[in-house]
Structure formats: C-alpha cells, structure tokens
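One structure below.
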Amino acid sequence: MRFVATGVRGSPGVSWAGRAGGRRRANGSWQAFTVAWVSKRLACSTWWKCYVDIISAIEFDKSGNHLATGDRGGRVVLFERTDISDNASRRELERQEYQAARHPEFRYKTEFQSHEPEFDYLKSLEIEEKINKIKWCQTANNALFLLSTNDKTIKYWKVQEKKVKRVSVMNLDTSQSSDNGSTSSPGTSSCRALLPNGGCSEKMYTPNNNLSFPPGGCASLRLPVVVTGQEFNHVARCRRVYAHAHDYHINSISNNSDGETFISADDLRINLWNLEISNQSFNIVDMKPANMEDLTEVITCAEFHPTHCNTLAYSSSKGTIRLIDLRQSALCDNHAKLFEEHEAPGSRSFFTEIIASVSDIKFARDGRHILSRDYMTLKLWDLNMDSGPVATFQVHEYLRPKLCDLYDNDSIFDKFECCLSGDGLRVATGSYSNLFRVFGCSPESTEASTLEASRNPMRRQVVNPARPARTLTSLTRAVRRGGENTSIEANGNSYDLSTKLLHLAWHPTENSIACAAANSLYMYYA
C-alpha cells in the first residue's frame with residue numbers, strides 16, 4: 001500500500017497542509033497528482049506563539065465526515081468532508097461506480113476556544129489550557145457534540161449551524177445623506193436629532209446638544225428591525241463542565257457505546273460520568289496506595305469497548321493491559337483479564353520498565369483485538385488469548401543503543417499514539433523525524449512502510465532488505481515484524497528527536513490517515 005498526501009484546506013491561526021489528488025491504476029497502486037500545497041506557516045514573533053499552535057489531539061467522528069483537532073492553546077478546530085454529497089441523484093451515483101475513486105478532501109469548518117489557562121490557588125498549581133484528548137459523541141438534530149479535556153477539566157460542547165440575524169432597518173433617515181452618497185460623521189447622526197421620547201427636532205443632533213422633553217411628547221417611535229437571513233454561522237456552546245473530580249492530570253477520556261456515559265482517567269483513578277450530570281461521578285478504579293511510597297505503577301490510558309457497554313480496558317506504566325467488567329462490582333479493583341508479555345530471562349536492564357510503559361491503547365472496530373503502543377513497539381492483542389500479543393511490530397529499533405542519551409534528554413518519556421484501520425488489517429503509529437510507520441497485521445501480510453509527514457511523504461522511506469522468515473512461538477504465536485525497516489541511520493538518514501509525530505488517527509471506513517507534526521496537519525490516503 002502506498003500512501004499519498006491529500007487535502008486539508010487552510011484555517012485561520014493554524015498551519016494546515018494542502019492537497020493532492022490521485023488515480024487508482026489497474027494494478028491497485030496509486031499515481032499522485034502534482035501536490036499543490038496551501039501551507040501557511042505562522043510568522044511567529046515569539047516562541048510562545050509557536051508553542052500554543054502545536055497540535056495535541058486529533059480525532060475522526062464515527063462517520064468519518066468530520067475531523068477535530070486540539071492544540072496547546074486550548075483551541076478546538078473542526079473540519080468537514082467536502083468530496084461527498086448526501087443529495088446525489090441515482091444517475092450520479094451509478095456514474096461514480098465506473099469512475100476512479102476520488103481522494104478524501106476536508107475543509108475548515110469552525111474553531112472555538114475550549115479551555116483557558118487556570119490557577120489552582122489551593123495547590124499553587126498552574127493548569128495549562130492544552131487539549132489532551134477529544135472524543136466525538138452521538139449527533140442529534142444536525143448538531144455535533146464532542147468532549148474535550150485538559151489536565152483537570154472536561155467540557156461537553158455542542159456545535160450547530162444557526163441563521164445569522166441582522167439589523168435590516170436602522171433608526172436613521174437616509175434622506176439627509178450628502179449628494180455623493182457618503183454619510184455624516186460619527187459625531188452627528190444622518191437624520192434629524194432624536195428626542196428622548198422618539199420624536200425628532202429639525203436641527204442636527206450633536207453630543208453637546210441639550211435635549212428637552214416637549215409637552216405631550218411625539219407620537220412617532222422608530223425602532224430598528226432585526227431579521228433572520230439565509231446565511232448560516234457555526235456556533236459552539238459549552239453544554240456542561242465536568243470538573244473537580246481528578247487530583248492528577250487527566251490522560252484519557254472515552255465514550256461508552258450506550259451513548260449516555262463516559263470515563264475519564266488520570267494517573268491513579270478512573271471515573272465514570274453521565275453526560276447529563278456534571279456534578280457527580282463514580283470512581284470505578286482506584287490504584288492509589290495508602291502510602292504513596294508504595295506506589296509502583298500508574299494508569300496511562302483507558303478506553304471503553306466499542307460495542308459492549310460493560311467492558312473497558314486500561315493500561316499501566318508496567319506494560320500491562322487490564323480488562324474489567326463493570327457488572328462484577330462497583331469498584332473494579334479486580335480485573336477480568338490481564339494482558340502482559342513476560343520478558344525473557346536475563347534481558348532486564350535499567351530501561352526495561354521505562355520503555356515497557358504503554359502510552360496508548362485502541363480497540364479494533366470489531367472489539368476483538370486491542371492495539372497498544374509502548375516506546376519501542378506496537379503490540380496487537382487478542383481478547384481471547386491473554387498469554388501474549390499475537391503480533392509485535394518494531395517501530396524504531398535503531399534507537400535501542402541510544403537509550404542512555406534518550407533518558408538524559410527525556411525523549412524516552414515521549415508518549416506516542418497508535419491507530420487501527422476500520423477493517424482491522426493495518427496499524428499505524430508515529431516516530432521521530434516526523435515519521436510514521438504503517439504495518440499490515442493480517443497473518444499473511446508483509447507490509448511495513450515508513451513515511452514522513454511532509455510535502456513528500458515518500459522522501460524518507462528506505463528500501464526494504466530481504467524479509468527474514470517469520471517464526472511462530474507455541475505459547476503466544478507472536479510475530480515480530482518491522483525490524484527490517486529500522487536501520488535508518490545506516491542508510492544515511494539521521495533522526496531528529498526534536499521533531500516527533502505523536503498524534504495520528506485513522507479514518508473509520510477508508511484507508512486515510514490524519515497526522516499532526518508540530519502545528520501542521522497532514523492527511524494521507526492509499
């Protein structure tokens with residue numbers, strides 16, 4: 001599969017990358033058109049202005065027709081798809097079956113300020129406005145609903161189109177305008193002076209005039225008329241605020257399939273919320289020990305099952321994934337299943353537990369598999385087999401000799417996200433130098449691609465050497481893939497730890513990936 005850059009049109013205040021096209025050849029590959037980039041880099045006068053524009057969250061809705069991004073400045077930007085038509089005629093739909101499939105194209109829809117910087121005076125703690133996660137909720141009455149969160153506060157937003165109201169008849173007499181069509185100066189009105197009771201005097205009104213109430217007043221009262229036009233404007237309104245429920249930074253939120261509840265997780269606790277109740281939540285997981293000195297692991301991510309409303313999974317800093325059933329007890333301290341890969345004897349080092357920490361987990365759309373990302377690898381787990389992952393993909397194995405340097409500059413603590421395709425046949429995750437990796441996860445697949453989030457996504461791809469034979473272990477049937485594509489340094493391409501691709505999302509029904517590199521958004525399709 002070959003990925004080609006595709007379109008996201010520009011929006012004010014953020015640098016969004018441009019568009020390209022493609023045609024599918026008979027052999028199934030893609031031929032890219034000339035890329036016409038509409039990238040508007042911000043002319044940042046200060047480092048802070050660049051910092052707040054860095055994208056920190058990205059999410060497709062269930063239909064794939066809308067895309068939301070959040071940044072470090074607390075803003076949420078929405079995009080909508082433009083290459084589909086809900087009102088297409090039957091003849092047009094039949095004609096499209098014989099034409100080459102068009103690439104997906106998104107355009108800027110609206111943006112709003114979701115969070116503002118705050119200060120906790122009790123703890124003397126600054127709460128930054130950075131958006132940590134965005135989750136789409138069920139739509140209703142042609143309105144979009146989504147959840148956004150920073151470190152402490154979750155907000156429930158409603159975005160809908162409203163007709164613009166305008167003042168069509170002003171309380172002005174245009175007959176006093178000058179012959180050339182220009183109006184009078186702001187200091188004097190263009191009509192006769194208005195009296196307090198609605199009447200008019202014959203002389204021009206100025207702010208220095210002394211108005212008096214005539215006996216009996218005046219019968220004429222002229223008011224402006226407000227009418228609703230045919231133009232629409234997108235209005236974002238905060239429906240509810242879920243606050244004061246987490247002592248530690250919120251790292252994830254997830255919607256339930258019932259459409260009524262969601263969870264929020266911090267380092268030690270997971271809370272269950274009802275969308276309609278903002279002043280109460282239920283603690284369902286509590287890992288805080290009686291003595292904080294006994295703390296050995298923290299929660300890193302949590303997500304609901306896509307179809308079973310009673311099941312959720314959460315990962316920890318020890319590299320484990322726990323599956324819990326809300327029907328077992330109110331406080332789910334005991335897990336239903338534990339997914340853990342046992343380390344080989346004699347392989348433990350100082351960095352073993354650090355690089356084993358799971359930074360992100362995602363359920364497959366069918367709910368059968370879980371994809372997890374730790375610092376070095378992607379792992380695919382089968383819910384019916386907890387003895388080990390069914391597949392392991394090496395992301396950047398060439399960094400393993402550099403773990404000491406990565407620890408010194410804190411890069412070893414970077415949190416990379418992962419995603420799965422809608423059909424469950426491919427997985428993707430980010431790396432350094434704005435690279436991202438795409439792997440085929442079907443048993444017979446040998447796909448392992450490396451692309452760069454730039455105008456030319458194939459620039460950094462290296463030639464794959466001969467693929468070694470795959471081996472299946474009798475215990476876990478695990479397949480280790482992708483190691484052959486990791487010798488980037490040996491191929492002459494140096495890696496850059498300052499440019500990292502942390503956030504990406506896969507379209508729910510198509511082979512399209514949206515990824516964020518600093519303050520730019522890129523989309524690729526295959």
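Share of Cα-Cα pairs in segment 339-389 beyond 16 Å, in percent?
Within segment 339-389, distances greater than 16 Å cover 45 percent of Cα pairs.
To the nearest 10 square angstrom, how much accessible area does C332 have with a 1.4 angstrom probe?
C332 has an accessible surface of roughly 0 Å² with all protein chains in place.
How would you rank 361-372, 443-454, highest first, on the average number of other Cβ atoms within 10 Å across their residues?
361-372, 443-454
One quarter of the convex hull surface, Cα atoms only: what value does that give for segment 233-314 in nm²?
Details: hull surface 26.9 nm².
If you wrap the Cα atoms of segment 233-314 in a convex hull and average its projections, you get 6.7 nm².
Calculate, for K288 and V167, the FRET efficiency according to 1/(1 + (r/R0)^6) with r their C-beta to C-beta distance and R0 60 Å; round to the nearest 0.05.
Plugging the Cβ-Cβ distance into 1/(1 + (r/R0)^6) gives 0.55.
Going down the table (K109/K152; K402/K500; K130/K152; K288/K362; K135/K163; K135/K379), which pairs top 20 Å between alpha carbons?
The answer is K109/K152; K288/K362; K135/K163; K135/K379.
Per-residue HN-Hα couplings for segment 408-414, Karplus 6.51 cos²θ - 1.76 cosθ + 1.60 at θ = phi - 60°, whole Hz, x for Gly and Pro?
5, 9, 6, 5, 5, 9, 5
Which of the peptides 68-77, 420-429, 380-389 is most tightly packed, and how do the rest follow, judged by the mean count of other Cβ atoms within 10 Å per residue?
Sorting 68-77, 420-429, 380-389 by mean packing, highest first, produces 68-77, 420-429, 380-389.
The values are calculated or read from the model by the stated rules, or taken from the named source; none is laboratory data. Just so you know, these numbers come straight off a predicted model, no measurement behind them. We place every Cβ from the backbone using ideal geometry, glycine too, and count neighbours over all the protein chains shown. These accessible areas exclude ligands, DNA and RNA; they are computed on the full protein's heavy atoms, side chains included. Shrake-Rupley method; radii C 1.70, N 1.55, O 1.52, S 1.80 Å.
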